[in-house]
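The values are calculated or read from the model by the stated rules, or taken from the named source; none is laboratory data. What you see is a predicted model; the values in this text were computed from it and never measured. Ideal geometry is used to build each Cβ from the backbone, glycine not excepted, and the neighbour counts take in all protein chains shown.
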Amino acid sequence: MSIIEVKNVSYTYDKTKFAVKNVSFDVKEGEYVAIIGHNGSGKSTLAKLFNALFVPTNGEIIVDGISTSQKDKLFEIRKKVGVVFQNPDNGIVASIVEDDIAFGPENIGVKREEIGERIDFALKTVGMEKFRYSSPDRLSGGQKQRIAIAGVLALKPKVIVLDESTAMLDPKGRQEILNVVKKLNKEQGVTVIAITHYMDEVLNADKVYVLDEGEIALQGTPREIFKEGAKIKSIGLELPLASFIAEKLRQAGVPVKDGILDKEELKGAICELK
Amino acid sequence: MRIEVENLTFVYSEKSKSLQYKALDDISLTIEEGDFFGIVGETGSGKSTFVQHINGLIKTQKNCKKFTVGEFDLTDKKCDYKSLRSKVGMVFQYPEYQLFAETVFEDVEFGLKNFFPNLTQEERSEKVKQAIETVGLDFERVKNKSPFEMSGGQKRRVAIAGVIVTRPEVLVLDEPVAGLDPKGKLEFIKLLKRLHNDFVKTIIIVSHDMDLVAENCNKIAVLKKGKIVETGSPKEIFCQKNIVENSGLDLPLTAYLQRELEQNGIKLNSDLTVDNFVEEVKNYYCKIKGGK
């Protein structure tokens, strides 16, 4: 079943140029979808359309049966779709971590006792239990982002949209968040839409959409996408570093095989030279 | 300017027993003039706290034995911070959030006006033009534009122009490529290399991106929980497995491959830059092919 239907959606900020142009796709319940594109390709605009922060200029987005243009259904839509943005500083509202996480559930009328449980769950999931009574402004960037993700988890959304939300984390922190997201997706069936520059985050996805100038330029599984090396480059994206090194090796006359996506495959290919 | 640090410890909220937090713990370190120096470590390891000392945004606490940046003594209360800050440029995480002026020209000019109020309008214009061109933007085209109309990568360039306009000798960048798309990142790294060759003598970057650090830095310091675990060349740091794993860091791809290949009986000895790694694999391939 589709949890999000994007139907011929366009969006313009200034009525002269469209940031998103006639985009259509479905996201199935429980799917892990990645959206990639260079800066200014329209991917963050799209993120804001999923939970009705923006309403399409043309076309329609249906979230679990509700059109995002129905103004009286805003709360329902935002209960279903939680967005984690790039910069956690812009999303922190309270001076104590637990209050910050409680803010969302309080707003949608969750009972007091249950809010406590949700805070426990959310902090545990992101590995920040120790910081429950800390002040968010005393945390590092990566820690703040984990609190922001916990704030979304506390709403128990059906869909989580990650708008480049791992960009400020260190590799270990990033991997932890990716593991959390993967776990939520696989074990609890939460639908994930990851908007990212990181190619290794794309590799986790069931389906990838590549945006260019507001339009879908490529779609498919990660492997299908990265076969299109030349096209990826022409729209301002780069192949994963392992693919890049493989290409350089070929240029230098070392015959490593085609279609290398990650470090394990590259290692295998070099070993095979023997 | 050489940077010398001995026994630097820094405690946040020093006076409050319940809130105090030791961010830096007995750091000693030398950064030579001309270094492209990388500071790495997991979130909360003290990297940002350390670099903010270098231009005096955070003042040294009493127990610091030595902290000099060129001729500036940062443990001295009378240190001329204004002059120091014109020589040590600081580019924060997401510097584009600090853009504020109506035009690119005014934004870049701001620091210059503050540090060198005695310059004439012509002298200022000339310096602003040079800074904007150095970061790879077309001066005539962007000077009257609003910085907020520009793309993410361009905004970051404007922000950097606003820092290098005072001709600092040391440029400190905290997570310089975070949030840039892959193409923006590549262009930005090229810009840093160009700056390092022609414009600023010493570059210090704080980064989580080990591939970036291995490719560009000649020296790296690894921080963990406020302490320095190790300093050395990328090869020294990343080819000693335990340093990296104990510090919560990833290996750069080249170092990972080199380690794994060695376990498979293929010994490569690159300096961990991509080009050198490719060269090493090529040599290996020619050798086995020649042997057959």
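General remarks:
- Scan of the range B:154-182 for residues that are in contact with a His (Cβ under 9 Å, 6 or more places away or on another chain) and either free of Cβ contacts under 8 Å to residues at least 60 places away in the same chain or of a type in the set (S, T, N, Q) (or both), ordered by number: B:Leu180, B:Asp181, B:Pro182
- Candidates are the residues of the range A:126-147 that are assigned to a helix (DSSP H, G or I) and facing chain B (nearest Cβ under 8 Å); the one that is farthest from A:Gly82 (Cα to Cα) is A:Arg138.
- From B:Ile203, B:Ile189, residue being of a type in the set (A, V, I, L, M, F, W, C), within 19 Å of the chain's Cα centre (by Cα) and modelled with pLDDT of 95 or more: B:Ile203
- Figure legend. Inter-residue proximity from the range B:33-50: first residues in the same structural domain as B:Val170 (by TED's automatic domain parsing) and within 17 Å of B:Ile243 (Cα to Cα), second residues assigned to a strand (DSSP E or B) and of a type in the set (D, E, K, R), beta-carbon distance below 6 Å, spacing 6+ or different chains. Indicated pairs: B:Gly41/B:Lys224; B:Ser45/B:Lys224.
- Check on A:Val81, under 21 Å from the mean Cα position of the chain (by Cα) and either of a type in the set (Gly, Ala, Ser) or over 24 Å from B:Lys155 (Cβ atoms) (or both): yes
- Output for the range B:257-292, where each listed residue is more than 20 Å from A:Arg250 (Cα to Cα), in a helix (DSSP H, G or I) and facing chain A (nearest Cβ under 8 Å): B:Glu260
- The residue of the range B:186-241 that is surrounded by the most Cβ atoms within 10 Å (Cβ to Cβ), among those that are in a helix (DSSP H, G or I) and of a type in the set (Phe, Trp, Tyr), is B:Phe238.
Conditions tested, residue by residue: (1) touching a residue at least 12 places away in the same chain (Cβ under 8 Å); (2) surrounded by 23 or more Cβ atoms within 10 Å (Cβ to Cβ); (3) closer than 13 Å to A:Val181 by Cα; (4) in the same structural domain as A:Lys48 (by TED's automatic domain parsing).
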{"position": "A:Asp120", "(1), (2), (3), (4)": "no, no, no, yes"}
{"position": "A:Leu123", "(1), (2), (3), (4)": "yes, no, no, yes"}
{"position": "A:Ser135", "(1), (2), (3), (4)": "yes, no, no, yes"}
{"position": "A:Gly142", "(1), (2), (3), (4)": "yes, no, no, yes"}
{"position": "A:Gln145", "(1), (2), (3), (4)": "yes, yes, no, yes"}
{"position": "A:Ala154", "(1), (2), (3), (4)": "yes, yes, no, yes"}
{"position": "A:Leu162", "(1), (2), (3), (4)": "yes, yes, yes, yes"}
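- Filtered residue count, the range A:81-93, keeping only those that are surrounded by fewer than 22 Cβ atoms within 10 Å (Cβ to Cβ) and either in a helix (DSSP H, G or I) or at pLDDT 90 or above (or both): 2
- Flag if B:Ala23 is surrounded by 15 or more Cβ atoms within 10 Å (Cβ to Cβ) and more than 30 Å from B:Phe148 (Cα to Cα): yes
- Members of the range B:32-48 found to be surrounded by 22 or more Cβ atoms within 10 Å (Cβ to Cβ), more than 11 Å from B:Lys225 (Cβ to Cβ), out of contact with any helix residue (DSSP H, G or I) (no Cβ under 9 Å at 6 or more places or on another chain) and not hydrophobic (A, V, I, L, M, F, W, C), listed by number: B:Lys47
- Summed over the range B:244-256, residues that are more than 10 Å from chain A (Cβ to nearest Cβ) and of a type in the set (Asp, Glu) total 1.
- On the stretch given as the range B:165-181, residues that are away from chain A (no Cβ under 14 Å) and surrounded by fewer than 22 Cβ atoms within 10 Å (Cβ to Cβ) total 3.
- Verdict on B:Ser270 being crowded, with 16+ Cβ neighbours inside 10 Å, modelled with pLDDT under 90 and either closer than 30 Å to A:Glu176 by Cα or not assigned by TED's automatic domain parsing to the domain that holds B:Glu230 (or both): no
- Within this structure, B:Lys66 fails the test of being free of Cβ contacts under 8 Å to residues at least 12 places away in the same chain, of a type in the set (Lys, Arg) and away from every other protein chain (no Cβ under 14 Å).
- Checking each residue of the range A:27-42 against the condition of being of a type outside the set (Val, Ile, Thr), surrounded by fewer than 19 Cβ atoms within 10 Å (Cβ to Cβ) and over 19 Å from the mean Cα position of the chain (by Cα) gives no match.
- Which numbered condition B:Asp107 fails, given (1) under 12 Å from B:Gly162 (Cα atoms); (2) at pLDDT below 95; (3) among the acidic types (Asp, Glu): (2)
Conditions (1) within 30 Å of B:Leu192 (Cβ to Cβ); (2) touching a Pro at 6+ places or on another chain (Cβ under 9 Å); (3) in a strand (DSSP E or B), marked per residue:
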site: B:Lys15; (1), (2), (3): no, no, no
site: B:Leu19; (1), (2), (3): no, no, no
site: B:Ile27; (1), (2), (3): yes, no, yes
site: B:Thr30; (1), (2), (3): yes, no, yes
site: B:Glu33; (1), (2), (3): yes, no, no
site: B:Phe37; (1), (2), (3): yes, no, yes
site: B:Val51; (1), (2), (3): yes, no, no
site: B:Leu57; (1), (2), (3): yes, no, no
